[in-house]
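The values are calculated or read from the model by the stated rules, or taken from the named source; none is laboratory data. Since we're looking at a predicted model, the values are computed, not measured. So basically every Cβ, Gly included, is an ideal-geometry build from the backbone, and we count neighbours across all protein chains shown. When the accessible area is computed, the model is the full protein with side chains, heavy atoms only, and any ligands, DNA or RNA have been set aside. Shrake-Rupley method; radii C 1.70, N 1.55, O 1.52, S 1.80 Å.
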Amino acid sequence: MTRPSPADQSAQRVPEPRKSTLPSLTGMRWMAALLVFGLHVHNFGYFGGEGQGFVSWGFDAGDTGVSFFFVLSGFVLMWSSRPRDKAVGFWRRRFARIYPVHLVTVLIALLMAYTMAPKMRPTGEEAAANLLLVHSWTYAWWQTLDPVSWSLACEAFFYLLFPALAWLLRRLPVRALTVLAVASVITVMALPWANTQFQLGWHIYSFPLARVPEFILGAASARLVLLGRWRGPGLEASLAVTLIGYFLAPRLGGATEHMAGTIIGFALLMPAAARADMNGEPSMWRHRVLVRLGELSFAFYMIHLLVLYAGARLFAASPHLPAVEAVAAAGVAFTVSLALAWVLYEGVERPCRRLLLKPLTPAPAAPAGAAEV
């Protein structure tokens with residue numbers, strides 16, 4: 001590693017500012033979850049004719065909502081971490097954060113598999129891999145039981161890496177952090193191209209190792225913001241770049257290529273939102289309704305596809321309904337998903353987290369860190 005410049009050394013000595021709880025990023029989490037919901041409504045064929053074309057225009061790149069979650073995960077975890085954090089304590093908090101809801105949705109998926117949806121029925125090995133959150137490492141198993149849980153297998157791998165990554169990022173000079181963030185963006189954009197160009201046949205969309213650059217990008221960006229060395233555009237300009245990339249993404253190809261279209265926007269948007277929250281600048285994402293929905297977004301993400309599967313039993317095939325009926329059917333699915341998300345959040349996620357994180361020995365209260373991931 002090259003010797004850091006005096007400017008970099010000076011930046012490393014600057015104390016980190018008081019950390020905001022990042023309500024804007026919590027609100028953005030809801031929009032990312034909504035994009036994934038819209039994509040799945042599109043895939044289930046609720047709309048027919050021109051309606052399906054409109055939904056395709058709006059949500060064909062909805063899978064990039066998962067990419068947003070991966071970048072956000074790295075950003076928020078780096079933002080809220082402290083140098084004295086222990087790896088075991090970190091892993092315990094992450095387990096308490098995601099596993100109770102995952103376990104409940106697995107049980108719901110199993111109930112559906114043995115009653116109304118036999119195609120969802122897993123083998124013993126598939127079920128075990130899903131429960132251990134390693135099913136995304138085997139392409140044939142990546143959508144076992146609750147299909148969206150493949151992303152949790154990626155997150156579990158990220159969590160395994162994070163203590164070492166955080167240790168490294170705290171020791172990198174600003175220039176190295178910047179190079180790492182840029183390299184992560186380039187990797188995300190180049191992987192789909194290389195996979196196609198050289199006919200590698202990699203299943204990079206769901207493979208945890210291939211999604212690590214998004215996580216690293218978020219963590220490196222957070223570190224730059226904390227050091228006061230982020231030099232990106234403001235919130236409005238970053239949102240404009242994100243929207244342009246989102247609507248251009250379908251022109252790049254399939255789901256694997258979509259993330260290449262939005263990664264620059266996401267790389268700009270999260271630091272811009274964090275700075276807006278830190279500086280008290282205007283942000284529509286801090287609206288209390290959006291923040292509340294953001295709190296429910298993980299549970300919503302985990303339950304919505306099971307609701308859509310259950311609803312599909314009402315149709316002999318893809319419904320392709322006229323516009324009014326399709327909006328009503330999608331609205332019912334959305335309402336049921338949101339209601340169940342509230343039940344999961346209030347009845348499973350929060351109480352289980354409190355139970356699992358009950359201190360074994362008296363310890364200082366955890367700081368208000370950042371938006372939950």
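With respect to the conditions (1) outside any loop (DSSP other than H, G, I, E, B); (2) in contact with a Gly (Cβ under 7 Å, 6 or more places away or on another chain), Gly53 falls short on a single one, namely (2). Would you be able to tell me the number of residues in the stretch 245-264 that are more than 18 Å from Leu25 (Cβ to Cβ), open to solvent by less than 50 Å² (accessible area, probe 1.4 Å) and touching a residue at least 24 places away in the same chain (Cβ under 8 Å)? Residues meeting the conditions: 10. Filtering the stretch 328-357 to residues that are touching a residue at least 24 places away in the same chain (Cβ under 8 Å) and closer than 19 Å to Phe44 by Cβ leaves Ala329, Ala330, Ala333, Phe334, Val336, Ser337, Leu338, Leu340, Ala341.
Looking at the structure I just gave you, is Arg82 among the basic types (Lys, Arg), over 16 Å from the mean Cα position of the chain (by Cα) and open to solvent by 70 Å² or more (accessible area, probe 1.4 Å)? Here the answer is yes, as Arg82 does meet what is asked.
Among the numbered conditions (1) open to solvent by 40 Å² or more (accessible area, probe 1.4 Å); (2) within 25 Å of Asp85 (Cβ to Cβ); (3) of a type in the set (Asp, Glu), the only one that Glu155 does not meet is (1). Being of a type in the set (Val, Ile, Thr), modelled with pLDDT under 95 and either within 25 Å of Leu308 (Cβ to Cβ) or surrounded by fewer than 18 Cβ atoms within 10 Å (Cβ to Cβ) (or both), is that true of even one residue in the stretch 50-57? Checked the stretch 50-57: at least one residue is of a type in the set (Val, Ile, Thr), modelled with pLDDT under 95 and either within 25 Å of Leu308 (Cβ to Cβ) or surrounded by fewer than 18 Cβ atoms within 10 Å (Cβ to Cβ) (or both). Starting from residues that are among the charged types (D, E, K, R) and part of a helix (DSSP H, G or I), keep the ones in the stretch 265-320 and report whichever is surrounded by the most Cβ atoms within 10 Å (Cβ to Cβ). That would be Asp277. Considering the stretch 204-245, the residues that are under 15 Å from Val71 (Cα atoms) and aromatic (Phe, Trp, Tyr) include one that is nearest to the chain's Cα centre (by Cα), namely Phe215. May I ask you to verify whether Leu77 is surrounded by 22 or more Cβ atoms within 10 Å (Cβ to Cβ), part of a helix (DSSP H, G or I) and over 11 Å from the mean Cα position of the chain (by Cα)? Spelling it out, Leu77 is indeed surrounded by 22 or more Cβ atoms within 10 Å (Cβ to Cβ), part of a helix (DSSP H, G or I) and over 11 Å from the mean Cα position of the chain (by Cα).
Here Gly58 meets the list (1) assigned to a helix (DSSP H, G or I); (2) in contact (Cβ under 8 Å) with a residue 24 or more places away in the chain almost entirely, failing just condition (2). The residues in the stretch 109-152 that are assigned to a loop (DSSP other than H, G, I, E, B), open to solvent by 50 Å² or more (accessible area, probe 1.4 Å) and under 19 Å from Trp91 (Cα atoms) can be counted, and the count is 2.
Taking the stretch 347-361 as the range and being open to solvent by 60 Å² or more (accessible area, probe 1.4 Å) and under 22 Å from the mean Cα position of the chain (by Cα) as the test, only Arg350 passes.
Sort out which residues of the stretch 183-205 are open to solvent by 50 Å² or more (accessible area, probe 1.4 Å), in contact (Cβ under 8 Å) with a residue 60 or more places away in the chain and either of a type in the set (D, E, K, R) or out of contact with any Ser or Thr (no Cβ under 9 Å at 6 or more places or on another chain) (or both), and write them in order of number. If the condition is that a residue be open to solvent by 50 Å² or more (accessible area, probe 1.4 Å), in contact (Cβ under 8 Å) with a residue 60 or more places away in the chain and either of a type in the set (D, E, K, R) or out of contact with any Ser or Thr (no Cβ under 9 Å at 6 or more places or on another chain) (or both), then Met189, Trp193 are the ones that fit. If I ask for residues that are buried (at least 24 other Cβ atoms within 10 Å of the Cβ) and assigned to a loop (DSSP other than H, G, I, E, B), which ones from the stretch 206-244 would you list? Selection gives nothing. Close Cβ contacts (under 6 Å, 6 or more residues apart or on different chains) running from residues in the stretch 71-82 that are over 17 Å from Val182 (Cβ atoms) and of a type in the set (Ser, Thr, Tyr) to residues that are open to solvent by 10 Å² or more (accessible area, probe 1.4 Å) and not in a helix (DSSP H, G or I) comprise Ser73/Val373; Ser80/Gly369; Ser80/Ala370.
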